[in-house]
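What follows is a single structure, written as structure tokens, with notes after it.
Read the figures in this text as sums done on the coordinates, not as results from a lab. Only a predicted model underlies this, so the values are computations on that prediction, with no experimental measurement involved. Virtual Cβ from ideal backbone geometry, glycine too; neighbours counted across all protein chains shown.
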Amino acid sequence: MKRFIEIDPWKIIQNGFDEKNNEIYESLMSLGNGHMGMRGNLEENFTGNTLKGTYVAGVYYPDKTRVGWWKNGYPEYFAKVLNSTNLIGIDIKIDNVTVDLNKTLPIEFKRELDMQSGTLKRSFKLNINNKKFKIEVIRFLSMQAIELGAINYSITSLDNYADIEINSYLDGNVTNKDSNYDEYFWEEINTEDKLITLKTKKLDFKVTSSMGNVVNKDIDSELNSSSLYTSETFSYNLKKDETITLHKFITVVTNRDYNDYELNSKAKENIKNAINLGFDSLLKNHIQAWIDIWASSDILIEGDDVAQQGIRFNIFHLMQTYHGHDARLNIGPKGFTGEKYGGSTYWDTEAYCLPFYLSTSDKNVSKNLLEYRYKHLDRAIENAQKLGLDGALYPMVTMNGEECHNEWEITFEEIHRNGAIAYAIYNYINYTGDIDYLNTKGLNVLIEIAKFWADRVHYSENKKQYVMHGVTGPNEYENNINNNWYTSKIAIWTMKYAIESMEYVKETDLNSYNELLNKIKFNENETVKWQDIIDNMYFGYDKEKGIFLQQDGYLDKEQLLVSDIPENELPLVHNWSWDKILRSPFIKQADVLQGMFLFEDEFTHTEMKNNFDYYEPRTVHESSLSPCIYSIIAGDIGYEEKAYELYLRTSRLDLENYNSDTEDGLHITSMAGTWMSIIYGFGRFRIKNNKITLNPFTPENWNSYSFKILFRDNLLSVTVKKEEIEILLEKGTNFDILVYNKEYKIDSNSPLIVKIK
Ligand code: BGC
């Protein structure tokens, strides 16, 4: 296996320039701060392989849908995260030769993402006209002042005089690689010295980008501005061993946060403040913000740097992507690291990311994720209506609540996503204890989703049971199947939880209950039908194998195993026809196992084991969301080695480019799954009956691991060693905790120590 980067507990290090794989490195080295983000592109002019990308949170474009045959119910557009003004551009000329690492190969090239301090560093040497130069770059997007970023760019002449030209610029002439009609999505509003304001052609998002440049030499600069481009150029004759350093400050402000007329002045003010503060202080504040983030979210692994690097890489990118302070934002599967998936919201948020944010961030962050869907409820109701169904169907892919996806087998059929949104309400309340959320908003969402399920199933006279036809489960390598076990399971669970929640709200807050039922014109007698469905739903089961059937026809497929596939045919998605994939037994991602993970208490150890043993050897894990779930279940059934193997697969998915697609961007949402595979998998952390329960084990080659958990205003630090587990209450008050099913009281005076089982 080719390893792209060096192993280091805190750093992602590329040693040596690799033009061919440059796009992979650009993804790995992406920076973000919740407000904006960018791929790890080079500052200088570069004619080699590159995917340029600068993205601004919440700014998107409704790109007109493009499909083969139009089907009723398709959405009009697919939202696209927009590639916006290039902020980092710094062109260099040395003795009139333009620096282009594709043409002048660098010597001793090193690019390094330091995750502890959130900085991207680069250093290399160049030989131009037989003279040597050293270039060093530090870049960051401030986590403390999120509208700001900065670059420290320095050139040292190592052995002679040289004429240096540094051209720092902003370039608004950028396009998306992924555009349905090769359109330019922006309109220019204003370009002036060191500032560009663009407006999206549709939806009127306005984005102002501005820069400030400071060099360590007393020289004049030349300003140049034309349409969509503004630059500031510095020329200097550099002596031997002398260094010229440019500090480039960048800012992005949008009319999502300010009035249109304020944008220019706000951007200028930001740059002025940044220059006054200076690069070093801005960086210091940024590093402090990262110190605070790591203090409540780091996972420390002793004895295994490969695993250590993996988990920190995942936590780092999640924290760069979403802070949760703005309920209008969500977490796109690629975050700020690429265009794929349009930057939109998927079920990934509820099914994977929510548990991460529940345990590492203030509860309002998770609440904002719930609010996001609550605000989209009306659109979800319209979406169900478009399909001729009752209740609410949340979209598979969305920016503003409207469905963006336009493949019938996913848009109309991959409806299990609706259940994840209901489950998230349960998960949030179970974790935070904020049961009042039900009375205000949660119950409304639950009733509408339950109504949808009740309408989507039908009664089969033949089976004398309810069935659900024409669905696509989480395993997208089968479409239009009947009775996908997972979809039916989460549908029934939603109806049950909705009934229980109605009873709770009715009992505790009759006024809110009546008000809600009147508002949504819901007659509680409808739950009689729901109960009938709950009691009589069909679930495929094979007695002999002791497995739940992924769908009615699964066992009729040719029962091959992944080990039967020649290695050069993997990943299937790149090598097999879609037809061959659909007819094969190969499973893209956890499907039955996804359900067993969510509803684990309903299953015996043997049931878990039977299903894992059957489905895992048939799973190709070609969705990034897959290995983490299998890893958690492997840990649960005592397959500790397998759990570790799958942990490495999920945590290093992008670092090793396992799915051959890292160049498109990173798999941000599955990174939360990686986090779960340690906390929920190895730590066997759960919240049951308002209490934390832990049943940890330590992977064979780890000496110990420690993690932090935020639970209801308490911060716990858990260290699992070979012989014992140590739990420290870093913040908070006494409470009870279950370790290996035995109850202990934890207080802030001394750590709780329990022997490992
Ligand atoms: C997976 C979906 C997921 C989407 C975005 C697809 O490949 O099959 O489950 O929602 O990627 O991450």
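Label sites at residue 273 and residue 722, each approximated as a point 7 angstrom past Cα along Cα to Cβ, lie 5.2 nm apart. Spatially, region 262-302 and region 494-512 are offset by 45 Å when compared through their Cα centroids.
Give a quick list of trypsin sites (Lys or Arg not before Pro) in region 695-728 that DSSP marks as loop, anything other than H, G, I, E or B, with at most 15 other Cβ atoms within 10 Å. Show your work: numbers first, answer last.
Numbers: sites: 708, 712, 721, 722; in loops: 712, 722.
Of the trypsin sites (Lys or Arg not before Pro), the ones in loops of region 695-728 whose Cβ has at most 15 other Cβ atoms within 10 Å are 712, 722.
Given the pairs 334/489; 284/588; 691/721; 496/519; 489/722; 80/386, which are separated by over 32 angstrom at their Cα positions? Pairs exceeding the cut-off: 284/588; 489/722.
DSSP beta bridges fully contained in the chain are about 95 percent antiparallel. Put a plus charge on the Cβ of each Lys and Arg, a minus charge on the Cβ of each Asp and Glu, and nothing anywhere else: the dipole of region 652-728 about its Cα centre is then about 640 debye.
Think of the chain as having a plus end and a minus end, set by charges on the Cβ of Lys, Arg, Asp and Glu; of 673, 247, 419, 247 sits farthest toward the positive end of this dipole. Only Lys, Arg, Asp and Glu carry charge here, each on its Cβ (+1 for the first two, -1 for the last two); on that basis region 376-539 has a dipole of about 220 debye about its Cα centre. Projecting the Cα atoms of 27, 259, 214 onto the dipole axis of region 11-287, where Lys and Arg carry +1 and Asp and Glu carry -1 at the beta carbon, places 27 farthest toward the positive end. Summed over qualifying helices (DSSP H, 4 residues or more, each -39500 (n - 2.57)) and divided by its residue number, the chain shows a 222 nm mean residue ellipticity of -9000 deg cm²/dmol.
Selection among 449, 130, 690 by position relative to the dipole of the chain gives 690 as farthest towards the positive end (Cβ unit charges, Cα centre).
Cα centroid separation, region 692-721 to region 98-146: 38 Å.
Quantify how much of the Cα-Cα distance distribution of the chain extends past 37 Å, in percent.
Values: 123830 of 286146 pairs.
The answer is 43 percent, as a whole percent.
Applying 1/(1 + (r/R0)^6) with r as the Cβ-Cβ distance of residue 382 and residue 239 and R0 = 56 angstrom yields a FRET efficiency of 0.25. Of interest is the spacing of the C-alpha centroids, which for region 642-677 and region 561-602 amounts to 16 Å. Entry note, the chain: relative contact order of 12 percent, from Cα contacts under 8 Å with a spacing of 6+ residues.
Please give the charge dipole size of region 11-287, origin at the Cα centre, charges +1 on K and R Cβ atoms and -1 on D and E Cβ atoms. Round to the nearest 20 debye. Don't jump to the answer; show the numbers that get you there.
Working: 34 positive and 39 negative charges, 147 e Å.
So the dipole magnitude of region 11-287 works out to roughly 700 debye.
Loop sites by DSSP among the GluC sites (Glu not before Pro) of the chain, restricted to those with at most 12 other Cβ atoms within 10 angstrom, leave 77-460 as the longest stretch without any of them.
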